[in-house]
1. So, in the stretch 215-243, how many residues would count as being touching a Gly at 6+ places or on another chain (Cβ under 8 Å), open to solvent by less than 10 Å² (accessible area, probe 1.4 Å) and more than 19 Å from Val198 (Cβ to Cβ)?
2. One residue is enough: does the stretch 139-147 have a residue meeting the conditions among the aromatic types (Phe, Trp, Tyr), within 22 Å of Arg81 (Cβ to Cβ) and either within 24 Å of the chain's Cα centre (by Cα) or outside any helix (DSSP H, G or I) (or both)?
3. Considering (1) at pLDDT 90 or above; (2) within 30 Å of Pro278 (Cβ to Cβ); (3) open to solvent by less than 20 Å² (accessible area, probe 1.4 Å), say which one Leu350 fails and leave the rest.
4. Kindly indicate the residue of the stretch 176-210 that is under 27 Å from Tyr263 (Cβ atoms) and charged (D, E, K, R) and also most open to solvent (accessible area, probe 1.4 Å) among those meeting that condition.
5. Any idea which of Asp368, Asp342 is open to solvent by 40 Å² or more (accessible area, probe 1.4 Å) and modelled with pLDDT of 95 or more?
6. Would you call Glu158 part of a helix (DSSP H, G or I), closer than 25 Å to Ala188 by Cα and at pLDDT below 95?
7. Within the stretch 278-317, count every residue that is part of a helix (DSSP H, G or I) and either in contact with a helix residue (DSSP H, G or I) (Cβ under 9 Å, 6 or more places away or on another chain) or more than 30 Å from Met118 (Cα to Cα) (or both).
8. Would it be correct to say that Asp360 is of a type in the set (D, E, K, R), at pLDDT 95 or above and open to solvent by 10 Å² or more (accessible area, probe 1.4 Å)?
Amino acid sequence: MASSRDGDPETNSNTESPGTPGTPGSNESDVPEEFYTFRDLTCPELFRDNVPRNISALQRAGWIVEIMTTPHPGRFFYNIRMTKPCFYALVDALTSTGLLPHGQTSRVSPIEEVALFMQTVGMHKRQRDNMERFQHLLETINRRFHRVLSALCAMALELLTRPNFTDTHSKVANNLDFYPYFKDCVGAIDGTLVPAWVPRVDQNRYRSRKGRLAQNVLAKCDFDMNFTYVYAWWEGSAADARVLHHAVSQDSTFPFPQIGKYYLVDAGFTNYQCFLAPYRGTRYHLPEWRGQGRRYRTPQDMFNHAHSRLRNVIERAFGILKKHFPILQWGMPSYLQNYQVDIVIACCTLHNFIRRFSSDDIIFNESDGDLPQDIDSFYHRGHPTLSEIEEQRTLRDSIAMQMWASQNGT
C-alpha cells in the first residue's frame, strides 16, 4: 500500500487536491487577483522564471578595471594587498609558466581570478561576497578560487627556497653586536597559531591555550623575512617543540644546515645541535630592555638580548604575513583540511613574492618600531642525546662570554 507524504493511505490516485494558490494544480479561478499582485511585489524570484540576479553596473571585470584605473594608489593596495606592478608581475608569472592557463573561450580572465583570490585571503571575503562583487555564479567563484590556490601552491616550490647555508647574512656580518658571535646562524624558527575550521569531534585537540580553534604552523625564515620552510596543520594545543621534533623526524624535505650552522629558536625549544635557544630564567623579550633596564647584568643577560634582537625577524615575518592576509588572523572559512593547509602555504608564497618583487610595499617598508609582530607565536632524526645538548650548551656559553668580554674590554 502506498502512502502519501503525510502518511495517510491514498484512496484514489486520481483524486485532485485543491492545491496551493499560484502553483500547478490549483484552481486559478478561486484565487483573488490581489494575491498575485502581492506575490509579485514581495517575492517575484520565487515564482517567476529567468529573473536576472547579476545586474550590477560593474559586470565581471568591471570592478577590477575601475580600481586599476583609479588615480589613488591606496585604493588598489587596500583591496588587492599589493601594488599594481607586483600584481601584474604575479599574474604574468602564473600565466607564463602555465600554472594558471587561460582558455580562449573562458569568460573569467586570469587578472579577475587572482583578484578574487586576493579578496578572499587579503580582505577576508566569503565566497558569496565575491559572487556579489564579481557578478559570477557561486560555483564559478569557488572553482576559480581553487585554480589560483593550486597554482600558488605549485609556485611554492620555487619561492619557498632553502636558506643560504654557506655565506653569513649581511645583517649579521655588518653589525658588530652580532658578528662574529652569530656568524654561523642561518635563520630563525618559530610556530604561530592560524585559525582553523575542524569538525566538532576534533575541536578539543585544536583548541589553543587562548581558547580558539587553531592549527599550529611551524616556519623558518631568513634575515630578509623570506619564508624558507612551512610545516602546517598541527593541532593548536600542540607545543612548538613537539611540532619541530615531528618535522625533523618525519619530513624528508626539512632543510638541515651544514655541521656547525644553526637556527635561532626561543626558550620553548630544546637547545641542541642545529638549534640555538636562549638562557631560561633570564629576561629575553625586547620590551624588558627598555627604559631603565638597558644595563646588562650578566653574560647570559647580554647573550639573550642579542639573541632576541636577531630572532625577532621570524615574529616580524609572521606579523607581516597576517597583516597582508587577514584570513590567517581573523578566521578560516569552512574548507576541508587540505585546503586550509594549502591556504597557509599559498599566503606564505605570496609573502615571498611580494618581498622579492615589490620594493615599495607599504607593509614591508614600515619602520621596525611599527612593523607588526606575531604575538602567538641536527642531523639525527630522533631525540637529542645528552652529548649533543651539552655541546650546544658549551657553544652558547662561549658566545655569551665572548660578547661579555668584548663589551667590558677584557
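The values are calculated or read from the model by the stated rules, or taken from the named source; none is laboratory data. As the structure is a computational prediction, the values presented were derived from the model and not from experiment. In this analysis, Cβ positions are derived from the backbone assuming ideal geometry, glycine residues included, and neighbour counts consider all displayed protein chains. In case anyone asks, the SASA skips ligands and DNA or RNA and just uses the protein heavy atoms, side chains included. Shrake-Rupley method; radii C 1.70, N 1.55, O 1.52, S 1.80 Å.
1. Number satisfying all stated conditions: 3.
2. yes
3. (2)
4. Arg209
5. After applying the criteria, what remains is Asp342.
6. Values: part of a helix (DSSP H, G or I): yes; closer than 25 Å to Ala188 by Cα: yes; at pLDDT below 95: yes.
It is true that Glu158 is part of a helix (DSSP H, G or I), closer than 25 Å to Ala188 by Cα and at pLDDT below 95.
7. Counting residues in the stretch 278-317 that are part of a helix (DSSP H, G or I) and either in contact with a helix residue (DSSP H, G or I) (Cβ under 9 Å, 6 or more places away or on another chain) or more than 30 Å from Met118 (Cα to Cα) (or both) gives 22.
8. no
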